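What follows is a single structure, written as structure tokens, with notes after it.
The values are calculated or read from the model by the stated rules, or taken from the named source; none is laboratory data. Since the structure is predicted, the reported quantities are computational estimates derived from the model, not experimental observations. Here the Cβ positions follow ideal geometry from the backbone for every residue, glycine too, while neighbour counts run over all protein chains shown.
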Amino acid sequence: MSLQSFGFFIFMAAVAAVYYVIPRRFQYIWLCMASLFFYLLGDVRCLVGLALCTAVTYGTGLLLGRENGRGKKALLFLCVGIHILLLFLFRYPLANSVFVPLGLSFYALQAVGYVIEVYRGSIKPEGNPLRYTVYVAFFPTVMSGPIQRAPGLLPQIREGNEFDYNKVHAGLYLLLWGLLLKQVLANPLGSMVDYAYGKYEEMPGAALLWATVLYAVQLYCDFAGYSALAVGAAKILGFDIGGNFEQPYFAVSVRDFWKRWHISLSSWLKDYVYIPLGGNRRGKCRKYCNLMATFLISGLWHGSGVTYLVWGAVHGIYQVLESCIPYKGGRAGVLNRIVRGAVTFALVDFAWLFFRADNLEQAFTILYRIFCCFRFKEMTYYGSYLMGRSKMELLLLLVGIALVFLVDFLHEKKISVEGYAVGRVPIGVRWTVYIVLTLVILLVTAREYGQGASNFIYTRF
């Protein structure tokens, strides 16, 4: 069941209704049942991966709570090794896996993070297996994150929640925003990018460059849309979970970009990979090696294709080069920020090309056509910039993109659109806007139906 499907909203309403009726001390039991039901709707075989991951990390946590000395480190390495083996067996073609358990890459990191926190003594082992199962399989986040940390989520599962109108309202707002990003923008943009990349050998370079820029926007709208839906669903149930994006395309450096993009993954890699490798504590050369290793691991985490490894290596090189360039702090001027932001976007978008390409041959052919067969006039005269869309459809998409970046700009200035609306816009006007946006989403969804797969991009990872 996908988070943008009609069935999910019926499921969500039923779960919330029962959740707030039963006593708080039993709420985790209901969440466990609901989460397992939600997860197993995809494919019953997926239970193998989820059960193994949950059982191994739950048992390891209990053993770590009793063990001292060298035995703790051996247990930690064994647990991490088992999960690396699980990822290899299910995710990589050399292992000839028949199927890939949904969300394995996400909930495995979440579960391993719990074990590491127990090993470090940051939290005590969770003794209740059902509460721990909710932590690993919490239905809003189990498929594609955001990856949660045990010190933040487990206490909320233990305590339960009472109905809070403000949280429910905020959650519904996030659900609406997530649907808008996914259904109205990401899906149509995805069909345009697929159109261009599907004909990359004959498309002018200018059109392929345009498609690559649109892919950057598509990927952001798609994954930020999923994250908004996940955070919104959790908030309706009273849970506060961390967001995944903070205006990433307003970043003024690649390092700044990774503080804003897929925050739950980048912070996980920093805390559990980069810093344990030594971080920047053992000299510059070791720091650069640790940066490269971390981003190569990120590339491998995303997939087995060589293109993902190249994408990770490119970002690793960016990080190393930025570390070599001295930068004086202080508040940058507007023009300086615009220039640095544009350069950062260009570097990130160059890397996205490898992320999107089916293989290295396609990626390098597209790069060749961009640099050697640009043909801007041909793109303009023959309408290849439309990529299967009408001019009116493209115009509406551009208006939607402008709206998204306007909202991001306001958030960058610490202005909450939702908070402003609640405080200053009459409730009748607000709900009229909500209803209109809902109708627009339904209309676009019906119009786009059958034009291509609408699954979230990150469910593949």
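Out of all the residues in region 76-86, is one or more assigned by TED's automatic domain parsing to the domain that holds Ala111, in contact with a Ser or Thr (Cβ under 9 Å, 6 or more places away or on another chain), touching a residue at least 40 places away in the same chain (Cβ under 8 Å) and surrounded by 13 or more Cβ atoms within 10 Å (Cβ to Cβ)? Among the residues of region 76-86, at least one is assigned by TED's automatic domain parsing to the domain that holds Ala111, in contact with a Ser or Thr (Cβ under 9 Å, 6 or more places away or on another chain), touching a residue at least 40 places away in the same chain (Cβ under 8 Å) and surrounded by 13 or more Cβ atoms within 10 Å (Cβ to Cβ), which makes the answer yes. Suppose we keep only residues that are of a type outside the set (S, T, N, Q) and outside any helix (DSSP H, G or I) within region 296-327. Which one would you say is surrounded by the fewest Cβ atoms within 10 Å (Cβ to Cβ)? Applying the filter and picking the extreme gives Pro326. Counting only residues that are touching a Gly at 6+ places or on another chain (Cβ under 6 Å) and β-branched (Val, Ile, Thr), region 117-174 holds 2 of them. Report whether or not Val100 is out of contact with any Cys (no Cβ under 6 Å at 6 or more places or on another chain) and at pLDDT 90 or above. So Val100 fails the test.
Among the basic types (Lys, Arg) and either surrounded by 20 or more Cβ atoms within 10 Å (Cβ to Cβ) or touching a Cys at 6+ places or on another chain (Cβ under 9 Å) (or both), is that true of Lys235? It is true that Lys235 is among the basic types (Lys, Arg) and either surrounded by 20 or more Cβ atoms within 10 Å (Cβ to Cβ) or touching a Cys at 6+ places or on another chain (Cβ under 9 Å) (or both).
Gly190 passes every criterion in (1) of a type in the set (Gly, Ala, Ser); (2) buried (at least 20 other Cβ atoms within 10 Å of the Cβ); (3) closer than 30 Å to Leu237 by Cα apart from (3).
Please determine whether any residue of region 275-293 is assigned to a helix (DSSP H, G or I) and touching an Asp or Glu at 6+ places or on another chain (Cβ under 9 Å). Even if it seems obvious, please write down each step before you answer.
Quick first cut of region 275-293, residues assigned to a helix (DSSP H, G or I) only: 284-293.
Okay, now just the ones that are also touching an Asp or Glu at 6+ places or on another chain (Cβ under 9 Å), so none.
No, region 275-293 has no match at all.
If you check Tyr220, Tyr200, which single one turns out to be hydroxyl-bearing (Ser, Thr, Tyr) and in a helix (DSSP H, G or I)? Walk me through it before giving the result.
On the way: Tyr200 fails: in a helix (DSSP H, G or I).
Sole residue among the options that is hydroxyl-bearing (Ser, Thr, Tyr) and in a helix (DSSP H, G or I): Tyr220.
If you check Val44, Val21, Val56 for being of a type outside the set (Asp, Glu), at pLDDT 95 or above and loosely packed, with under 15 Cβ neighbours inside 10 Å, only one passes: Val21.
Taking region 1-20 as the range and being assigned to a helix (DSSP H, G or I) and not β-branched (Val, Ile, Thr) as the test, the residues that pass are Phe6, Gly7, Phe8, Phe9, Phe11, Met12, Ala13, Ala14, Ala16, Ala17, Tyr19, Tyr20.
Please pick out the residue among Ser105, Ser35 that is within 20 Å of the chain's Cα centre (by Cα), modelled with pLDDT under 95, of a type outside the set (Phe, Trp, Tyr) and part of a helix (DSSP H, G or I). Before the answer, list the steps.
Details: Ser35 fails: modelled with pLDDT under 95.
So the residue among Ser105, Ser35 that is within 20 Å of the chain's Cα centre (by Cα), modelled with pLDDT under 95, of a type outside the set (Phe, Trp, Tyr) and part of a helix (DSSP H, G or I) is Ser105.
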